[in-house]
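Single-structure report; data block below.
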Amino acid sequence: MEHSASTVEKALDLLFHLHDGNEPQGVSAISRQMGIPKSSAHRLLAALNRKGMVERDSRGRYQPGAGLVALGLGVLDRDPLVTCSRAALRAAVTDVGETFFVVAERNANLCVLDKCEGPGLLRAAPHIGSTVPVHCTAVGRLYLAHCPEQFTCGDIAEAADVDVQHLTERVGIAKARGWDSNIEEWQSGLSVIAAPILVRGTLRGAVALGASSSRLTALGGTRLHVKVVETAQVIGARLAGERL
């Protein structure tokens, strides 16, 4: 049993390794970078390939496979927050024309669970499945404001090496006004406005509008928080079994 558990852990480590990589990798490179014997890497890759979890390109190098996509989409389709968010995200994108996405805490990380992209050629928003930092994002400050038992300003500031007083002040502002924004604090050129999804006072996630900074300014800047807050309220009501 112990050997089986170790094999599963190595297989999962390998999948995360390929996911984090920027391009397909050969067996030798995987073996070297992960610090495992080449024979072990080959056996793991062969098993994962048979299940569609990894795929080989024309040069025989390995990359994440379509099986992972199917598993991921299956998990998301079962997530109540995703289910209750999709119609509201589509409606918000229709009104604003830019990308809206939903973020929630999963396994102590803030993860992008779903998004609906705007029709423009220039799109600025994180990918589904990516994680969002806490200290420098609107969503992160909303979690600090509403979930102090889970995310504390002191711990987050220390881990990110930022000023705790400044972070605490920003969190207080976010909670008081019921939304927050980060203008190129996380990624250059990306601006985000976020609002909490609350169900009977409990934070279930956050909805965010992401756009290039120039585009957001052209659309009215942080005045768009009204639409973001409205969208979050609609999602919260649907999670609670209500209708706005």
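The values are calculated or read from the model by the stated rules, or taken from the named source; none is laboratory data. This structure is a prediction, so every number in the text was calculated from the model and none was measured. In this analysis, Cβ positions are derived from the backbone assuming ideal geometry, glycine residues included, and neighbour counts consider all displayed protein chains. All accessible areas refer to the heavy atoms of the entire protein, side chains included, with ligands and DNA or RNA removed. Shrake-Rupley method; radii C 1.70, N 1.55, O 1.52, S 1.80 Å.
Taking all Cα pairs closer than 8 Å and separated by 6 or more residues, the relative contact order of the chain comes to 14 percent. Taking all protein chains together, Ser181, Ser39 sort by accessible area into Ser39, Ser181, largest first [probe 1.4 Å]. Counting lysine pairs in the chain that sit 8 or more residues apart in sequence, or on different chains, and whose Cα atoms lie under 25 Å apart gives 6.
Each label point was placed 7 Å from the Cα along the Cα-to-Cβ direction; for His19 and Ala108 their separation is 1.7 nm. Report the calculated FRET efficiency for Arg61 and Ser6 (r = Cβ-Cβ distance, R0 = 30 Å), to the nearest 0.05. Approximately 0.75, to the nearest 0.05. Note on Glu9: accessible area approximately 110 square angstrom, rounded to 10, probe 1.4 Å, nucleic acids and ligands left out. In this label model, Thr202 and Met34 are separated by 3.8 nm, measuring between points 7 Å along each Cα→Cβ vector. Taking the Cα atoms of the chain, the ratio Rg/Rh between the radius of gyration and the Kirkwood radius comes to 1.03. As I understand it, the value is the acute angle between the Cα axis of helix 80-96 and the longest principal axis of the Cα atoms of the chain; what does it come to in degrees, rounded to 10? It is inclined by approximately 60 degrees.
Quick one: grab the alpha carbon gyration tensor of the stretch 172-244, order the square roots of its eigenvalues as a ≥ b ≥ c, and give me rounded if a/c is under 1.5, else prolate or oblate depending on whether a/b is larger than b/c. Prolate, since a/c reaches 1.5 and a/b exceeds b/c. Quick one: Cα centre-to-centre distance for the stretch 1-60 and the stretch 113-172, in angstrom? Between the Cα centres of the stretch 1-60 and the stretch 113-172 lies a distance of 32 Å. From the Cα gyration tensor of the stretch 155-203, with a ≥ b ≥ c the square roots of its eigenvalues, which class applies: rounded if a/c is under 1.5, or else prolate if a/b is larger than b/c, or else oblate? The shape class here is oblate. Note on the chain: helix-only mean residue ellipticity at 222 nm, from DSSP H runs of 4+ residues weighted -39500 (n - 2.57) and normalised by residue number, equals -15500 deg cm²/dmol.
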